[in-house]
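**Student:** Pasting in a structure now, in structure tokens, and then I'll have a few things to ask.
Readers should treat all values here as calculations from the given coordinates under stated rules, not as data from a laboratory. Note that this is a predicted model, so its numbers are computed, not measured. Cβ coordinates were reconstructed from backbone atoms using ideal geometry, including for glycine residues, and neighbour counts include every protein chain displayed.
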Amino acid sequence: MTPLLEAESLVKRFPVRHPLTRRVTGHLTAVDGVSLTVRRGETLGLVGESGCGKSSTARLITRLAEPTGGTIRFDGRDITTMGEAALRPVRRDLQMIFQDPFSSLNPRMTIEAILSAPFRYQGLKPEPGQIAELLRRVGLRPEHAERLPHQFSGGQAQRIGIARALALHPKLVVCDEPVSALDVSVQAQILNLLRDLQEEFELSYVFIAHDLGAVRQVCGRIAVMYLGTIVEIADRDELFARPAHPYTAALLAAVPIPDPRIERARPRVVLSGDLPSPANPPSGCPFRTRCPRAAERCALERPALAEGAPGHRVACHFPLDTSLSREGAP
Ligand code: SF4
Ligand code: MG
């Protein structure tokens, strides 16, 4: 079966302007050649430090922004440069949940109006009782429909964001750090809700987070981003057991793992230095200014995302010796 979403070599470049003269002085490449696929029914994790281009990638694949380069196919159609009129039917199937639930809900609109908006946008009207049912489905009550967003807690507001995204039964929902603005005690409830809804509605998710711990429970495959590019992508268990990119290993070092055998064998990589500016990226490998394994070649040649083991791709000239952490290793 063809994947639900295929993004190929996506680029998003913004002009950088002088603060006073507003003259364009350079360019900032927020997304720098991202290729990924989302299979039907799967949850693909997208992980990296803030500023690495995750949200920009999310805005491209949901076509809230238009890419500077590359292509996006969704459910068999090329949506790369579609205008808003052509995108309208596509948006039924392609929805997004945002990090800050309050800033994504209009403070002057009742919940009823907020949840009716996706219907109106499609020239439809919710059936009687449909809004109440949506609210119930995300763990809220029908009488909540008359309230305004500020009358809800963060977790409840995110449930409203989820209800809005699901109103028209989409195929793909891109969740941009859907729990990172919430209290820890509420995070698990929202994750459980997302998982239940996935099963019920046969949804595919792209799940964005800034650390690997957060995607561990929900994602089948994980892509790691650094400075606008994907540096490693693999099945979750493979990535956790055998990280090949030094950056993935550094992110993993921060995640506690219950299996002591993996713990012992896991390569130790500690990050040094700061995240470089995407307006002035390093030559060659984007990670080289912070990489303990960097060699001359890394400054000269940008590593391509290449397949090592089946389904496990890494962009590094000197990937970690993953045989170290294979089963049966000391
Ligand atoms: Fe480090 Fe070189 Fe690999 Fe980049 S290509 S991650 S600098 S070893
Ligand atoms: Mg973000």
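**Student:** Let me check against my output: what whole-number percent is the relative contact order of region 43-118, with C-alpha pairs under 8 Å and at least 6 apart?
**Tutor:** After rounding, I find 15 percent.
**Student:** Give me the Å³ per residue figure for the convex hull around the C-alpha atoms of the chain.
**Tutor:** About 159 Å³ per residue, rounded to a whole number.
**Student:** Averaging sequence separations of C-alpha pairs under 8 Å and six or more residues apart, then dividing by the length of the chain, give the relative contact order as a whole percent.
**Tutor:** It rounds to 19 percent for the chain.
**Student:** Which one of F287, F14, F207 has the biggest mean-square fluctuation once the chain is modelled by GNM with Cα springs under 10 Å?
**Tutor:** F14
**Student:** Another one. Only counting other Cβ atoms within 10 Å, I'd like C291, C285 sorted with the fewest neighbours first.
**Tutor:** So the ranking, lowest neighbour count to highest, is C291, C285.
**Student:** Rounded to the nearest 5, what % of the DSSP beta bridges within the chain are antiparallel ones?
**Tutor:** The antiparallel fraction comes to roughly 60 percent.
**Student:** Magnitude of the Cβ-charge dipole of region 165-239, K/R +1 and D/E -1, about the Cα centre, nearest 20 debye?
**Tutor:** My answer is approximately 100 debye.
**Student:** Could you go through region 179-196 in sequence order and give the Karplus-derived ³J(HN,Hα) for each residue, using 6.51 cos²θ - 1.76 cosθ + 1.60 with θ = phi - 60°, rounded to whole Hz, and x for Gly and Pro?
**Tutor:** Running phi through 6.51 cos²θ - 1.76 cosθ + 1.60 with θ = phi - 60° gives 10, 6, 8, 9, 4, 3, 5, 8, 4, 5, 4, 5, 4, 4, 4, 4, 5, 4 Hz.
**Student:** How many angstrom separate the Cα center of region 193-233 from the Cα center of region 103-134?
**Tutor:** Comparing the Cα centres of region 193-233 and region 103-134, I get a distance of 27 Å.
**Student:** Additional query: Step through the residues of region 248-256 one at a time and calculate ³J(HN,Hα) from phi using the Karplus curve (6.51 cos²θ - 1.76 cosθ + 1.60, θ = phi - 60°), rounding each to whole Hz and writing x for Gly and Pro.
**Tutor:** Along region 248-256, the couplings run 4, 4, 5, 5, 5, 4, 8, 9, x Hz.
**Student:** Here is a follow-up. Using all C-alpha to C-alpha distances in region 183-307, build P(r) with 10 Å bins and read off the rounded percent in each one.
**Tutor:** Spelled out bin by bin, region 183-307 gives 11, 37, 33, 16, 4, 0 percent.
**Student:** Please list, ordered by chain and number, the residues whose modelled amide H lies under 5 Å from the amide H of E42; skip anything fewer than 5 residues away on the same chain.
**Tutor:** Under 5 Å from the amide H of E42: Y205.
**Student:** While we're here: When a footprinting reagent is the concern and you count Cβ atoms within 10 Å, what order do C316, C175 take, fewest first?
**Tutor:** Placing the least packed residue first, the sequence is C316, C175.
**Student:** Now for a separate question. Looking at the chain as a GNM with Cα springs under 10 Å, which of P310, P89, P246 has the largest mean-square fluctuation?
**Tutor:** Of P310, P89, P246, the most mobile in the Gaussian network model is P310.
**Student:** On to the next question. Looking at the calculated P(r) for region 1-155, what percent of the C-alpha pair distances fall above 21 Å?
**Tutor:** For region 1-155, the fraction of Cα-Cα distances above 21 Å is 59 percent.
**Student:** Here's something else I'd like to know. Where Lys and Arg each count +1 and Asp and Glu each count -1, what net charge lies around S153 among other residues with Cβ under 11 Å from its Cβ?
**Tutor:** Neighbourhood net charge equals 0.
**Student:** Kindly write out, for region 163-177 in residue order, the coupling ³J(HN,Hα) from the Karplus curve 6.51 cos²θ - 1.76 cosθ + 1.60 (θ = phi - 60°), rounded to whole Hz, with x marking Gly and Pro.
**Tutor:** 4, 5, 5, 8, 3, 10, 6, x, 9, 10, 10, 8, 9, 8, 6
**Student:** For the chain, modelled as a Gaussian network with Cα springs under 10 Å, which listed residue fluctuates most, P142, P278, P243?
**Tutor:** Largest GNM mean-square fluctuation: P142.
**Student:** Additional query: Near the amide H of T68, under 5 Å away, which other amide H atoms are found, from residues 5 or more places off or on another chain, if H is placed in the peptide plane?
**Tutor:** V11, K12, R13
**Student:** Which aspartates and glutamates, if any, have their Cα less than 20 Å from the Cα of K54, not counting same-chain residues under 8 positions apart?
**Tutor:** E6, E8, D32, E42, E66, D100, D176, E177, D211, E232, D235, D274
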